[in-house]
Each structure stands twice: as structure tokens, then as C-alpha cells.
Amino acid sequence: MHISAIITIGNEILLGSTINTNLAWLAKELALLGLPVEFSLTVKDEAKAIWQALKHAWESCDVVITTGGLGPTDDDITKREIASFFGAEMRFDAEIWANIQKNFSARNLATPEINRNQALVPEGFKSLTNLRGTAPGLFYEQGGKSFFAFAGVPLEMRHVFSTQAKPLLVAKYGSGEAIHQETLHTFGISESALAELLAGFSPLPEINLAWLPQTGRVDLRFYGRDQEKVTESANNCLKLVGDQVWGCNEDTPVSVLHNLLRKLKLTISVAESCTGGLLQKMLTDPPGASEVFLGGVVSYSNQLKQSLLRVRSETLAEHGAVSENCAQEMAAGIKNLTESSIAISITGVAGPDGGNPQKPVGTVCFGFSVFNRMWSLTQTFSGDRESIRHKAAEFALLYLIKHLQGTKI
């Protein structure tokens, strides 16, 4: 079995300023190619750190990939250190320089002379064209080993890997030992309660099960080298916990809800308070959202709740803005305003202030209106302000999904 290593280079990763999404994406792609990641390293933009990481990875693995440090500025030293490690001199590539100039020209910008650094390629390396930016990737092979260097920008890295590196890897190593995965997404049940439902259950031999708690939900991931056994194991599990499953594999709450709404020929509108438009953002992130999403209101103030959504002053005076009574009137108001088939409302206390003993921070009230039926419910979420808002928005999506799927929650 061939194995891989990923080296992430960048002070911004180690400072916590940037999330390393490249690692997760590359690891998944490499697993599907039968080149599972044995380990990953994250190092500073420093010569010694890069050299040590390259030495360890190159001695241990068949495929080594670096991301980051291929820019034109002085702190982008990765390419220089790669050349030094492999004992290669730098050469100037006129074709790369022409492509860089073309890239700037297309944006009506002059090409800075400093970008000539990106046209330098170590001798013996193949440059990998980057149509999404100015930093080409690099490829080098020695015997049965392969080395790749990509820019750290996720869009550019994914493009160069998919269009050029991936075909090279398939040609050299094939994909006969790919690691296959099946993931079940659950909602409305804790990890411990899910474990009790699955007491006595085991996947088929040579198939692994990973428990992946998410924010407010749990994923069950089956993986192994035998596609049929992986699928059969997931299906066996589904028979036991089917009522808790809302989607699988690449499904997201928004993609599943959009598909349900399209299938049922329904439309939706949203009224939000404490989530400040987050639910509407989620609903409109995918292209084609206008087919099902009609619009919404962020009624943060009581005045707007009254003037736009027709929430009664008596309701606010008697029950307050954070109440199921208010949530129901908000849902009714946005549904009448947009004439949608379905409406969701959210009002609550996201914190860190504003809570009281009766309605502590994390208290969120939801209103749902589906055709002529109206109902509401209250949930209490833990965490900081950002976490509470995210949990509330995603809860609204998943709760509606389960309702439309006909599953009692």
C-alpha cells in the first residue's frame, strides 16, 4: 500500500488566523485514490522547519504534498527550500512569466516585477499550470516517489490538484486500493443515545466505524477498502437508526431541504431576530436558491416585528419578544408578506448578555408554518454567541427537514 504525507507551510495557520481546510480536502482526495495520508505536518515559514518536514516526509512516504509559501513576497520561501532540499538549481520559465503577465493584464493591472519569482522553477521539476492564480504548482518524481507543491489558496490548490496532479497520481499508482466511505447524518439524538440504539451492532469485517459529533448532531462514517462491505454496513446501520437520519454522504441541511422543497413544489420564507439573517444566508448559499426561497426579514427590533411582521404589541407586552407566541406571529407575518408555502421564525437570546432566570442565554423560540398548520417550540443551546446562533439556524433547517420527511422528532 502506498501512503502520503501532507506538509502545510504558513505562520498564519500556526497563529490560528487561518483554518487549514486544505488538509481535510486533500486527505479525502488521496484516500479515494488509495493513497491514504499517514501523517500531516504544519510548520512555520522558516527554512529549518521546512527542511526537517521535507526530510521526514520524503523518507517515510510515497507521495509528499506541500501547500503554501509559493507567493512572490520575501516570506514565501517554500520553493527555495524545496529546491535546496532536492539539490536543484532554479531556472527562469518564460512561459510561466508570460502567463503571469497575462493574468494581471486581464485585470487591467501592471505586473509587479516581484512576481518574476513565481516564474522560477527548480531544475528537474515540472510546473503545473494554475489557471486560478499566479503561482504554478510543482511536480517532481524520483523512483517510486512523487512530490507536489501547491499554492496555499484553497481555490487554486484544488484546481491544480484536480486538473493536473490527480491524473499524474492515477497514472503512476492507480486507484485499486481506494478507501471508500459512507456517512449517515443524524439529528435529534445525542451521541450516547445513538450508541444505545446501536448496542450490539458492528460493521462487517475489515470495515471501520467512526463517530463524528458535529455541532448539534452526530455523523456515523463507515470506511474501508471494500465498497460493497462499506455500503452494506451503512445500510445495516440505517435499518436501526433510520428515524434519526436526515441525509448521507455529501448532503448538507440546506441541500436536503432544497431538494425536498423542489420535489414537493413548495416555497419558503424566513423571519429572524437573534440569528440576524444567518438562516437566510444558509438558504441562499447554493445557486438556484430562488426556486424555493422567496425572501425574509431580519426584525431585530420590536418596532420592526410590529410594523413588518404584524406582531401584536399585546403579545410583546405580555410574553416578550423571546416567546413562542411572538415566534408564531413572526412566522405568520412573513408567510402572509411573501405568500410562501412554508415559513420559519427564530427569536431568542444569543448572549452574552440579555438572559434572565426565566429565559437564560441560549433560549431560542421557533415558529413554523406549513400550509395552514402553525406551531412553535423552544430550545436551549449552549456555547458562545456564534455557536448559539449557528445551532439555532441549523436546528430550524433540520427540524423542518424531519417534518417534511414525515419523521416524528
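The values are calculated or read from the model by the stated rules, or taken from the named source; none is laboratory data. Everything quoted here is computed from the prediction, not taken from an experiment. FYI the Cβ positions are ideal-geometry reconstructions off the backbone, even for glycines, and counts take in every protein chain you see.
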statement: Note: among LEU283, LEU308, just one is part of a helix (DSSP H, G or I), at pLDDT 95 or above and within 24 Å of the chain's Cα centre (by Cα), namely LEU283
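Got a sec? Which of GLU196, GLU177, GLU206, GLU156 is more than 22 Å from ASN117 (Cα to Cα), outside any loop (DSSP other than H, G, I, E, B) and among the acidic types (Asp, Glu)?
GLU196
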- request: Looking only at region 3-32, count how many residues are closer than 20 Å to ARG225 by Cβ and assigned to a loop (DSSP other than H, G, I, E, B).
  value: 1
query: Just checking, which of GLU81, GLU38, GLU59 is part of a helix (DSSP H, G or I), acidic (Asp, Glu), out of contact with any Gly (no Cβ under 9 Å at 6 or more places or on another chain) and assigned by TED's automatic domain parsing to the domain that holds GLY143?
result: GLU59
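From the residues in region 353-372 that are over 28 Å from LYS265 (Cα atoms) and at pLDDT 95 or above, which one is surrounded by the most Cβ atoms within 10 Å (Cβ to Cβ)?
Per the stated criteria, the residue is VAL364.
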The one condition in (1) under 27 Å from ILE19 (Cβ atoms); (2) modelled with pLDDT of 95 or more; (3) in a loop (DSSP other than H, G, I, E, B) that GLY133 fails to fulfil: (2)
statement: Across region 97-117, the tally of residues that are part of a helix (DSSP H, G or I) and either within 28 Å of LYS48 (Cβ to Cβ) or of a type in the set (D, E, K, R) (or both) stands at 6
message: Of everything in region 294-351, what is buried (at least 22 other Cβ atoms within 10 Å of the Cβ) and without any contact (Cβ under 8 Å) to a residue 24 or more places away in the chain? Give them in sequence order.
response: VAL311
In region 213-234, the residues that are closer than 29 Å to ALA393 by Cα and either exposed (fewer than 13 other Cβ atoms within 10 Å of the Cβ) or assigned by TED's automatic domain parsing to the domain that holds GLU386 (or both): PRO213, GLN214, THR215
query: Of these, SER387, SER345, SER376, SER323, which one is out of contact with any strand residue (DSSP E or B) (no Cβ under 7 Å at 6 or more places or on another chain) and assigned by TED's automatic domain parsing to the domain that holds THR267?
result: SER387
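Considering each of ASP74, ASP62 in turn, give the residue that is acidic (Asp, Glu) and either within 22 Å of PHE147 (Cβ to Cβ) or surrounded by 17 or more Cβ atoms within 10 Å (Cβ to Cβ) (or both).
Only one candidate qualifies: ASP62.
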- prompt: Checking THR183 against (1) polar (S, T, N, Q); (2) loosely packed, with under 15 Cβ neighbours inside 10 Å; (3) under 30 Å from GLY137 (Cβ atoms), which test does it fail?
  reply: (2)
message: Any residue in region 245-268 that is more than 23 Å from GLU182 (Cβ to Cβ) sitting within a Cβ distance under 9 Å of a residue that is in a helix (DSSP H, G or I) and of a type outside the set (A, V, I, L, M, F, W, C)? List the pairs, counting only those 6 or more apart or interchain.
response: LEU261/GLU291; ARG262/GLU291; THR267/GLU291; THR267/THR338; ILE268/THR338
message: Could you list, ordered by first residue, the pairs with Cβ atoms under 8 Å in which the first is in region 34-61 and farther than 23 Å from LEU168 by Cα and the second is surrounded by fewer than 18 Cβ atoms within 10 Å (Cβ to Cβ) and among the acidic types (Asp, Glu), at least 6 apart or interchain?
response: ASP45/ASP75
- prompt: Given the conditions (1) of a type in the set (S, T, N, Q); (2) surrounded by 17 or more Cβ atoms within 10 Å (Cβ to Cβ); (3) in the same structural domain as LEU400 (by TED's automatic domain parsing), which single one is not true for SER290?
  reply: (2)
